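Some notes on the structure that comes next.
The values are calculated or read from the model by the stated rules, or taken from the named source; none is laboratory data. Nothing here was measured: the structure is a model prediction, and the numbers come from that model. Cβ placement follows ideal geometry from the backbone for every residue including glycine, while neighbour counts extend to all protein chains displayed.
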């Protein structure tokens with residue numbers, strides 16, 4: 001068994017899928033299939049983490065992935081895996097990209113766009129699975145901007161400024 005301290009809980013095994021022995025794993029918010037670069041997933045069974053070698057992994061929808069394992073083909077093992085929390089070793093989870101897990105840290109920051117300049121203060125973050133939104137007080141009205149990595153140019157922690165490169169037409173839609 002592996003030490004839980006060097007692992008991250010990525011989700012929960014919710015059921016079997018189809019006839020190919022695939023398991024449906026519901027990912028925790030903020031975890032995406034692209035983040036997982038592992039040969040093994042560890043299931044919490046009887047208080048410990050039990051490794052299972054991944055045979056196939058694919059996306060089912062925004063929150064679920066389908067995974068089959070080399071060593072989970074007997075019925076008794078499969079039954080014990082269902083409803084278990086699923087972990088991946090920290091080294092096998094891609095956290096090198098400059099993403100931020102808790103977007104609420106940007107509340108109070110100034111939002112600025114490369115073309116429009118200062119947009120206003122970020123007053124809230126609406127957490128929608130795979131599509132969170134920044135709520136900005138823009139000249140007395142509410143401006144919602146997707147918290148999309150492609151639109152964020154950089155974040156300046158020292159000056160508390162979040163710099164965007166927004167698509168044409170996003171600013172001024174409500175005016």
### Task
Restricting attention to segment 12-27, report how many residues are over 15 Å from residue 69 (Cβ atoms) and surrounded by 14 or more Cβ atoms within 10 Å (Cβ to Cβ).
4
### Message
Among the residues that make up segment 12-28, is at least one of them in contact with a helix residue (DSSP H, G or I) (Cβ under 6 Å, 6 or more places away or on another chain), farther than 30 Å from residue 153 by Cβ and not in a loop (DSSP other than H, G, I, E, B)?
### Response
yes
### Message
Restricting to segment 126-168, count the residues that are in contact (Cβ under 8 Å) with a residue 40 or more places away in the chain and either assigned to a strand (DSSP E or B) or surrounded by 12 or more Cβ atoms within 10 Å (Cβ to Cβ) (or both).
### Response
10
### Message
Criterion first (more than 17 Å from the chain's Cα centre (by Cα) and at pLDDT below 95) does residue 49 satisfy it?
### Response
yes
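If I ask for residues that are at pLDDT 85 or above and over 26 Å from residue 62 (Cα atoms), which ones from segment 157-172 would you list? Can you show your working first?
Pass one, segment 157-172, residues at pLDDT 85 or above: 158-167.
Scanning segment 157-172 gives 158, 159, 160, 161, 162, 163.
Considering 46, 37, which residue is touching a residue at least 40 places away in the same chain (Cβ under 8 Å) and either in contact with a helix residue (DSSP H, G or I) (Cβ under 6 Å, 6 or more places away or on another chain) or loosely packed, with under 12 Cβ neighbours inside 10 Å (or both)?
Working: 46 fails: touching a residue at least 40 places away in the same chain (Cβ under 8 Å).
Going through 46, 37 in turn, just one is touching a residue at least 40 places away in the same chain (Cβ under 8 Å) and either in contact with a helix residue (DSSP H, G or I) (Cβ under 6 Å, 6 or more places away or on another chain) or loosely packed, with under 12 Cβ neighbours inside 10 Å (or both): 37.
Every residue, every condition in (1) modelled with pLDDT of 90 or more; (2) in a helix (DSSP H, G or I); (3) touching a strand residue (DSSP E or B) at 6+ places or on another chain (Cβ under 6 Å), yes or no:
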site	(1), (2), (3)
77	no, yes, no
87	yes, no, yes
96	no, no, no
100	no, no, no
105	no, yes, no
118	yes, no, yes
123	yes, no, yes
